[in-house]
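Just so it is clear, none of the values below were taken in a lab; they were calculated from the coordinates. Only a predicted model underlies this, so the values are computations on that prediction, with no experimental measurement involved. Here the Cβ is made from the backbone with ideal geometry for all residues, glycine too, and neighbour counts use every protein chain on show.
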Amino acid sequence: MPGKADRATRVIALMNQKGGVGKTTTCVNLAAAIAATGRRTLLVDLDPQAHATLHLGVEPGELSERNRGSAYDLLLDPAHDPANTLIEVRNNLSLIPSETDMAAAESELGALPERHERLRSALQRLESAPAGGHEFVLLDCPPSLGLLTLNALAAAREVIIPMQAHFLALQGVGKLLETIQLVRRQLNPSLSVAGVVLCMHDAQTTHTREVVDDLRGFFNAAREQDVPWRFAQVYNPPIRRNIKLAECPSFGQTIFDYAPWAPGALDYRKLGEEIVREWDTMIDMIDARDDASPLSEAEITVLRGSLGATERSA
Ligand code: ADP
Ligand code: MG
């Protein structure tokens, strides 16, 4: 019997205004890991560098030859059919690609109405059409806090922050959380921070352990506050530094295509399972309720808090 889960889509923005922290690597391999569990997954590449698009083996330059649109078309033309931009890249995994024109989108959007809500309405149109029906949508953001990232934050339900456990990275996260807070107030009241994924992780050093402890302490101190990171967690497992993860993009392959038994594949596979398990728990709670209304944001965050607590005590 189809449950209410059929109607729920978990939209997650992978965001950090710093470049080179592991956003794209996490977006691509996490999406592939989730898809491999059998869930229909969509990755939207919002970075003009189109790294996620290339990582999945799609040449942005060939899109127009193939008569396909990109995220750029969706942002600039509200009449563009989102289904025209979808590319099936793997089993259960579709891509809305980026192209270099996206760099212009940032400034062109500035002059347009509803410039923050364009991705949100495109995704709503897509998900209610036959081509939609994705259970997970992952948004790969550019390394900035401009209009492309704001579109992602307006369209998402949750944010995952990929970062490296360095002292200076923590300071950047403060700025990022402020932005999320602002977006929640002005554009998207249901936005929350799901947590941090530690990338290129080296658990051996004291410095790393101190930074991770600081981060956990910071999130724990927010449990009683009305902030979007109230129930954020540091996800397990951290993603170890693994050269295979750096090699596979140049072959247009995910880590599961390229080196399925490398440490990077094991880490992303586990992380994918964790993200799916977390979501299933929420969906079970929705299905267990008598009325048809989905969980409120408060219930979801409380639930995430209890999941986070399990993770912390584990
Ligand atoms: P961002 O999208 O935040 O700019 P990327 O995901 O592109 O960051 O990662 C930056 C660089 O680090 C890329 O060359 C990528 O292949 C590499 N990289 C990312 N994660 C790992 C990892 N766990 N181990 C080794 N290299 C990694
Ligand atoms: Mg990137």
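Set against the 2.2 N^0.38 Å expectation for a compact globular protein, segment 97-217 has a Cα radius of gyration ratio of 1.22.
Pairs of Lys residues in the chain are counted when their Cα atoms are under 26 angstrom apart and they lie 8 or more places apart or on different chains; the count is 8. The Rg/Rh ratio for segment 184-293, using Cα coordinates for both the radius of gyration and the Kirkwood hydrodynamic radius, is 1.06.
Proximity of backbone amide H atoms, modeled 1.01 Å from N, is registered between Val137 and Arg10, Val11, Ile12, Leu42 at under 5 Å, excluding neighbours fewer than 5 places apart on the same chain. Only helices reaching 18 angstrom along their own axis (Cα) with mean Kyte-Doolittle hydropathy no lower than 0.0 count here, and for the DSSP H runs of the chain these are 23-36, 167-186. Karplus-derived 3J(HN,Hα) values for segment 239-244, using 6.51 cos²θ - 1.76 cosθ + 1.60 with θ = phi - 60°, are 8, 5, 5, 8, 4, 4 Hz; glycine and proline are entered as x. The amide H of Ser192, built 1.01 Å from its N in the peptide plane, has Glu158, Val159 as neighbours under 5 Å, considering only residues 5 or more places off or on other chains.
Scanning residues 5 or more positions from Gln233 or on other chains, those with amide H under 5 Å from its amide H are Gly195, Val196, with H placed 1.01 Å from N in the peptide plane. The order of the peptides 66-74, 210-218 by mean Cβ neighbours within 10 Å, most packed first, is 66-74, 210-218.
When the square roots of the Cα gyration tensor eigenvalues are ordered a ≥ b ≥ c, the ratio a/c for the chain is under 1.5, which makes its shape rounded. Computed from the C-beta positions of Leu170 and Ala131, the FRET efficiency with R₀ = 41 Å rounds to 0.50.
Here the Kirkwood formula puts the hydrodynamic radius of segment 17-167 at 15.3 Å, using every distinct Cα pair. Reducing segment 194-223 and segment 142-190 to their Cα centroids gives an inter-centroid distance of 17 Å.
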